[in-house]
1. Tell me, in nm to one decimal, what length is gained between residue 130 and residue 106 on full extension, where the rule is 0.36 nm per residue of separation less the Cα-Cα distance?
2. Once you have the Cα-Cα distance between residue 149 and residue 185, take 0.36 nm times their residue separation minus that, and quote the gain in nm to one decimal.
3. Report the gain in length on full extension from residue 193 to residue 164: 0.36 nm times residue separation, minus Cα-Cα distance, nm rounded to one decimal.
4. Just the Kirkwood number for segment 53-160, please: inverse of mean 1/r across all distinct Cα pairs, in Å, one decimal.
5. For segment 115-172 and segment 1-59, compute the distance between their C-alpha centroids and round to whole Å.
6. What list of ³J(HN,Hα) values in whole Hz, one per residue of segment 39-46 in order, does the Karplus curve 6.51 cos²θ - 1.76 cosθ + 1.60 (θ = phi - 60°) give from phi, with Gly and Pro shown as x?
7. Restricting to bridges with both residues inside segment 107-204, how much of the DSSP beta-bridge set is antiparallel, in percent to the nearest 5?
8. Sticking with the crude label model, points 7 Å out along Cα→Cβ, report the distance from residue 121 to residue 64 in nm, one decimal please.
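None of the figures in this text is laboratory data; all of them are computed from the coordinates on show. Not measured: the values here are computed from a predicted model. FYI the Cβ positions are ideal-geometry reconstructions off the backbone, even for glycines, and counts take in every protein chain you see.
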Amino acid sequence: MQQKDHWEQVYSTKPTTGVSWFQEHATQSLKLIADTRIPASASILDVGGGASTLVDDLVAQGYSDLSVLDISLAALKTAQTRLGENAKKIQWLVGDVTSIELPDHAFDVWHDRAVFHFLTAPEQRQSYVHHVLRAVKPGGHIIVSTFAEDGPLQCSGLPVMRYSADGLHAEFGNPFELVRHEKEEHRTPSGGIQQFVYCYCRKQNS
């Protein structure tokens, strides 16, 4: 099964609140975005945002230039239905982050919770980083979260990569200054515990 077909099936057959990665509020992500001190008019891209509630809270906090990218149209439709009229305030993008064409230097913040760790092939990760380099403004902010070294070996039936903070930053390399990293203990809807690592980087101006 292709990646897109897999995620369309997941979001078409399972309740959003029942998937292991569900968060009622993406507290850690919201905190890190706030810590960038960007203005409310700054451009934020949520990669793999799908049905995540992050965009709901960003709208509520007054951010006005929001984009959500996901490979699953069903996931995006779930979010649009939940947001109602507020969905019109968001740019919705359907595609694979490793191949979609994004505008150059368009985003002040690139946010990704739990997409990068699905990229198990080196060429996938290289393509992802290439897209970040092109799409994020010089001096822009990158917030990426994956399973930590003691996190799960797979998610939604798919294999994943696990990272230390240094290992995750190394995938992005010298063009990205590591501002800080944090751990998160995520409790799944079924009561399980998953360990995540967050890296907050800044894209160098050069």
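1. Here the answer is 7.2 nm.
2. Working: separation 36, 0.36 × 36 = 12.96 nm, distance 1.24 nm.
So the chain would gain 11.7 nm between residue 149 and residue 185.
3. Details: separation 29, 0.36 × 29 = 10.44 nm, distance 1.74 nm.
Roughly 8.7 nm would be gained on extension.
4. Details: mean 1/r = 0.0659 Å⁻¹.
The Cα-based Kirkwood calculation yields 15.2 Å.
5. So the separation of the two Cα centres works out to 16 Å.
6. x, 5, 8, 5, 8, 10, 10, 9
7. Details: 20 of 27 bridges.
Around 75 percent of the beta bridges assigned by DSSP in segment 107-204 are antiparallel ones.
8. If labels sit at residue 121 and residue 64, their model points lie 4.2 nm apart.
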